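K.L.:
This structure is in structure tokens; I'll ask about it shortly.
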Amino acid sequence: MRKLAKEVGVTAPAIYRHYDGREAVLADVLREAHRTFSRYLYAALGAPSPLERFMAAGEQYLSFVLEHPRWYSIMHTAPEHLGMDSVPADIEALQQATSQFWHDRVRECMDAGILRRGDPEEASMTMWAHAHGMVQLFQQGCLLAEPDEFRALFKASGRRLMMGVATPDFAAELERMAAEEAEGMAAEGVGVHAADMAGTGTS
């Protein structure tokens with residue numbers, strides 16, 4: 001708390017006038033992170049079709065990751081690793097709302113014949129696990145990619161994943177999109193390893 005007070009230019013007692021302690025401060029950081037994340041995601045609801053909403057949500061997710069990496073990290077850290085006994089109920093509600101948002105995007109794509117019929121919750125969990133894994137690799141420096149390069153890798157890898165859950169017609173469309181993406185990355189001078197990854201598995 002003393003370090004925090006020094007960082008924001010106040011005395012430690014001044015912070016205690018607003019917060020009971022460190023855990024309360026962390027909870028407020030988590031609230032702001034989740035609220036901001038929600039604003040990013042919900043902006044996608046303005047898109048006119050199920051597929052466009054789904055794709056826009058993915059773009060918004062990635063933008064949040066790149067613009068607020070520390071918030072994203074703390075949002076996906078277990079409470080005990082943050083020194084918290086538990087997450088307050090209102091933050092749990094924000095987390096549940098985000099999960100429901102993704103379930104709804106997947107469900108409406110299934111209803112529109114874009115994704116194969118199945119359990120929307122299971123499908124969205126698989127997609128999120130893939131997305132989160134890519135983000136973790138990037139944030140830990142395992143991909144050796146710049147932000148713009150990672151954005152292209154993320155989108156290309158996501159399309160490959162979706163080919164496994166797409167209807168046959170949409171899978172063919174994804175294959176075409178992936179080939180165009182690989183050509184575009186090569187034309188823009190993206191690193192060889194990135195272009196190779198974007199083109200892998202497109203047939």
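K.L.:
Return the total of residues in the range 71-112 being β-branched (Val, Ile, Thr) and on the phi > 0 side of the Ramachandran plot.
P.N.:
Of the range 71-112, the ones β-branched (Val, Ile, Thr) are 74, 77, 87, 91, 98, 106.
When the remaining residues are screened for being on the phi > 0 side of the Ramachandran plot, the result is none.
Residues that pass the stated criteria total 0.
K.L.:
Moving on to the next point. Counting just the residues of the range 78-130 that are of a type in the set (Asp, Glu) and within 21 Å of Pro48 (Cα to Cα), which one comes out most open to solvent (accessible area, probe 1.4 Å)? Show your work before the answer.
P.N.:
We begin by selecting, within the range 78-130, every residue of a type in the set (Asp, Glu); these are 80, 85, 90, 92, 104, 108, 111, 119, 121-122.
Now narrow it down to the ones that are within 21 Å of Pro48 (Cα to Cα): 104, 108, 111.
On the way: Asp104: 54, Glu108: 38, Asp111: 92 Å².
Checked the range 78-130; the qualifying residue most open to solvent (accessible area, probe 1.4 Å) is Asp111.
K.L.:
Kindly indicate the residue of the range 131-160 that is without any contact (Cβ under 8 Å) to a residue 60 or more places away in the chain and open to solvent by 50 Å² or more (accessible area, probe 1.4 Å) and also farthest from Ile74 (Cα to Cα) among those meeting that condition.
P.N.:
Top of the filtered list is Arg160.
K.L.:
Here's a follow-up. What helices (runs of 4 or more DSSP H) completely inside the range 127-203 contain at least 3 residues that are at pLDDT below 90 and out of contact with any helix residue (DSSP H, G or I) (no Cβ under 8 Å at 6 or more places or on another chain)? Full working, then the answer.
P.N.:
Details: elements: 147-163, 168-187, 192-199.
Hits in the range 127-203: 168-187, 192-199.
K.L.:
Test each condition in (1) at pLDDT 95 or above; (2) open to solvent by less than 50 Å² (accessible area, probe 1.4 Å); (3) not basic (Lys, Arg) for Ala24 and report the one that comes out false.
P.N.:
Single failed check for Ala24: (1).
K.L.:
Same structure, new question: Identify, please: which residue in the range 30-50 is in a helix (DSSP H, G or I) and open to solvent by 50 Å² or more (accessible area, probe 1.4 Å) and is, among those, nearest to Ala14 (Cα to Cα)?
P.N.:
The initial filter retains those residues of the range 30-50 that are in a helix (DSSP H, G or I), namely 30-46, 50.
Restricting the remaining residues to those that are open to solvent by 50 Å² or more (accessible area, probe 1.4 Å) gives 32, 35, 39, 42-43, 45-46.
Details: Glu32: 21, Arg35: 25, Arg39: 31, Tyr42: 36, Ala43: 37, Leu45: 41, Gly46: 42 Å.
Filtering first and then ranking leaves Glu32.
The values are calculated or read from the model by the stated rules, or taken from the named source; none is laboratory data. As the structure is a prediction and not an experimental result, all values here were calculated from the model. Positions of Cβ are backbone-derived with ideal geometry, glycine not excepted, and every protein chain shown enters the neighbour counts. SASA here: full protein model, heavy atoms, side chains in, ligands and nucleic acids out. Shrake-Rupley method; radii C 1.70, N 1.55, O 1.52, S 1.80 Å.
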